[in-house]
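Structure, as C-alpha cells:
Since every read-out is calculated from the coordinates, none of them should be taken as a lab result. Predicted model only: the values in this text are computed from it and were never measured. Backbone-built Cβ (ideal geometry, glycine too); neighbour counts: all protein chains shown.
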Amino acid sequence: MKSLNRQFPLKSIKQVFWNLFLISLGSSLCAIAINGILIPQKFLSGGLTGLVLIIHYLVPSLSVAIFYALLNVPVFALGWMYVGRRFFLYSLAGTAIFSGALAWVHVSLPVQDMLLSALLAGIISGVGIGIILKSLGSTGGTDILSIVLLKRFSLRLGTTTLAFNCGVLALGAFLFPLEKVLYTLIYMYVSNRMLNLVVTGLSQRKAVSIISPRWEEISHKILEDIHRGVTIVQGQGAYTGQEEKILYTVVNFRELSHLKQLIRGIDSKAFVVVSDTLEVMGHRIGNQPQW
C-alpha cells in the first residue's frame, strides 16, 4: 500500500479526477448548446465542431459524436510528436468525453427566436469551453492542431484558429443561407466573451509602469502591501534629459485598485500606465501554458 501511494500520490489522483470533472462539466454544457440550439436552428460553429456540423447538415444520417471522434484521429496522430504528454492524454480523454456528451446529452431549449438562440448558445458554450480550459487538457480538434503548427511553423495560436474558423464560415456561407452564418457570428462572439470572463474573470493580469521621484517608497509599498515583485528600469526623460527610475509590476484585476490608491497616497502626480496582458508566465502571478 505504501509503495502504491509513492507511485500515485493522493494529491495527483485528486488532480486527475478534478480535471476530468472539469472536462466533463464543460463538455456537457457545450453539448447542451450544440444539441439544444445549434443543430435545431441549423447554426454553425467554430473549429472542428463547425466542420462536423456542416457535414451533418448535408448528410443527417451521420452522427455528430462519432464523426467528431473520427476526425480527431489524424489530429491526435499528428499531435503525438509535438504536444506534451500530460496535455495530450488529458485532451485524448477530453475528446472521448466530449464525443460522449454529444451522443448522450440532449436538453431541449424552447427558444424560437434565432437572435435569442444565438445569444443563449453563446453563453452556454462560452461557459463550457471556459470550464474545459480551466483543466489541464482540451477537447482536441483545432486546439491540438494549433499547437502543432505553433511548434512546427511558429504560427500563432490565434492565427490558426481564426483561419480555420474563417474557412468553416466561408464554406457555410456557400452551402447555407447567409443569415445562418451571420447568426453564427453572433454566437461565436458571445461565446468568446463568456470564455474570456470564465478563464480570466477578476484574475486578469495588468502590467503597470510607474514613473515617480518617490519610486523607492512606492516599490517598497508594493512589495510589502501587495506582495508583488517590482522591476526597476533605468530611463531618461527626452525633454529634461534627467534620469528616471521606471517601476514595472504585474498585478491581477482585484489588486489594481489597491495599487492605484497606494501610488496616489505617496505621490499624487506619479505617471502611471496600466496595460492589459495577453499571457503572463512566471511564479505566483503567471499562468503557464499546459501543453
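For the stretch 2-199, the alpha-carbon coordinates run over 62, 39, 34 Å along the three principal axes, in decreasing order. Looking at the stretch 150-186, the trypsin sites (Lys or Arg not before Pro) that sit in a DSSP loop and have at most 14 other Cβ atoms within 10 Å of their own Cβ are Arg156.
The H on the amide N of Ser138, modeled in the peptide plane, is under 5 Å from the matching H of Ser91, Gly94, each at least 5 residues off or on a different chain.
Distance check, please: which entries in Lys245/Lys269; Lys206/Lys260; Lys42/Lys134; Lys14/Lys134; Lys206/Lys269 exceed 18 angstrom between their Cα atoms? Violating the 18 Å limit, Cα to Cα: Lys42/Lys134; Lys206/Lys269. P(r) tail for the stretch 193-256: Cα pairs beyond 13 Å make up 68% of the total. Loop-located chymotrypsin sites (Phe, Trp or Tyr not before Pro) in the stretch 53-85 (DSSP state not H, G, I, E or B) with no more than 13 neighbouring Cβ atoms inside 10 Å: Trp80. Largest mean-square fluctuation among Ile246, Ile210, Ile13, in a Gaussian network model of the chain whose springs join Cα atoms under 10 Å apart, belongs to Ile13. 3J(HN,Hα) along the stretch 230-240: 9, 10, 9, 10, 7, x, 8, x, 5, 7, 7 Hz, from the Karplus curve 6.51 cos²θ - 1.76 cosθ + 1.60 with θ = phi - 60°, whole Hz, x for Gly and Pro.
Note that the stretch 109-124 has calculated 3J(HN,Hα) couplings of 10, x, 10, 8, 4, 5, 5, 5, 5, 5, 5, 5, 4, x, 5, 5 Hz, one per residue in order, obtained from phi through the Karplus relation 6.51 cos²θ - 1.76 cosθ + 1.60 (θ = phi - 60°); glycine and proline are x. 3J(HN,Hα) along the stretch 209-222, derived from phi through the Karplus expression 6.51 cos²θ - 1.76 cosθ + 1.60 where θ = phi - 60°, amounts to 10, 10, 10, 7, x, 9, 4, 5, 5, 5, 5, 5, 5, 4 Hz, with x in place of Gly and Pro.
Annotation for the stretch 46-150: trypsin sites (Lys or Arg not before Pro) lying in DSSP loop with at most 16 further Cβ atoms inside 10 Å of their Cβ are Lys134.
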